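Below you will find the structure I want to go over with you.
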Amino acid sequence: MTKLSINGKPRDVDLPGDTPLLWVLRDELGLTGTKFGCGMALCGACTVHIDGLPGRACVTPISTLAGKKVVTIEAIGADKVGGAVQAAWIELGVPQCGYCQAGQIMSATALLKRKPKPTDADIDDAMTGNICRCGTYGRIRAAIKHAAGEQGEPA
Ligand code: FES
Ligand code: FES
């Protein structure tokens, strides 16, 4: 039995310790907002927060999560910064197909919690591992700046 903390709630999971967190979130707990893209830590679609830092759920064995707090896209709106990021995403109409966007929002929120006024270089650095096959990168950058209270226009 592995004891997890997901979105502020304790969850006991009766699965092998090497089971990836993403499988638990989607298949056991019904939290399907976190997406499967590559399964190899290459695309960022599965990004969650682990103790406030962005982590790739597809390559995170649940055995590594004892005593750590996991937050997913389903709960990020309750966070002040996460709520501002989601509002900026809506206001600037960031998503196209939407598949990558949960991961994008989780990475962007982690960035803004760490650096409330990120530079372009900070944004590049924080978002480089989140791939968008629809090419919404310009709007993502604008929305991050918008959430940071700066001028952010749709690209
Ligand atoms: S599905 Fe985890 S990084 Fe691509
Ligand atoms: S919006 Fe389609 S993959 Fe990013």
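Report D for the chain in µm² per second (integer): Stokes-Einstein, Kirkwood Rh on Cα pairs, 4 °C, 1.567 mPa s.
Stokes-Einstein gives a translational diffusion coefficient of 84 µm²/s.
Also, I was wondering about something else. For Cα pairs less than 8 Å apart in space and 6+ apart in sequence, what is the mean separation divided by the residue count of the range 1-152, i.e. the relative contact order in percent?
It comes to 23 percent, rounded to a whole number.
Project the alpha carbons of the range 39-112 onto their principal axes and report the range along each, largest first, in whole Å.
Ordered largest first, the range 39-112 gives principal extents of 39, 26, 18 Å.
Quick one: of the DSSP bridges fully inside the chain, what percent are antiparallel, nearest 5?
That works out to approximately 85 percent antiparallel.
Calculate how steeply helix 137-147 sits against the longest principal axis of the alpha-carbon atoms of the chain, using the helix alpha-carbon long axis, and give the answer as 0 to 90 degrees to the nearest 10.
Tilt relative to the chain: about 90 degrees.
How far is helix 80-91 tilted, in degrees, relative to the longest principal axis of the Cα atoms in the chain, given as a value from 0 to 90 rounded to the nearest 10?
Computed tilt is about 60 degrees.
Ok, one more. How fast does the range 1-40 diffuse by Stokes-Einstein, in µm²/s, taking the Kirkwood radius from C-alpha pairs at 4 °C and 1.567 mPa s?
Diffusion coefficient, whole number: 120 µm²/s.
Using Cα atoms only, what is the angle between the long axis of helix 101-114 and the major principal axis of the chain, expressed in degrees (0 to 90) to the nearest 10?
Helix 101-114 and the main axis of the chain meet at about 80 degrees.
For q values of 0.25 Å⁻¹, compute log₁₀ I(q)/I(0) with the Debye formula on a Cα-only model of the range 70-155, without solvent.
Log10 I(q)/I(0), no solvent term: -1.38.
I want the local charge near C58. Using Cβ-Cβ distances under 11 Å, sum +1 for each Lys or Arg and -1 for each Asp or Glu among the other residues. Please report the intermediate quantities before stating the final value.
Numbers: positive: R26, K35, R56; negative: none.
Neighbour charge sum, excluding C58 itself: +3.
Right, something else. Determine the sum of side-chain charges near K117: Lys and Arg each +1, Asp and Glu each -1, restricted to other residues whose C-beta is under 13 angstrom from that of K117.
Details: positive: K113, R114, K115, K145; negative: D120, D122, E150.
Here the charged neighbours net out to +1.
Right, here's the next one. In the range 72-155, what GluC sites (Glu not before Pro) fall in a loop by DSSP, with at most 12 other Cβ atoms inside 10 Å? Don't skip to the answer; put the middle values down first.
Numbers: sites: E74, E91, E150; in loops: E150.
Passing sites in the range 72-155 are E150.
Read-outs throughout are calculated quantities, based only on the coordinates presented, and are distinct from any laboratory measurement. Remember, predicted model here, so these are calculated numbers, not experimental data. Every residue, glycine among them, receives a Cβ derived from its backbone with ideal geometry; neighbour counts consider all protein chains shown.
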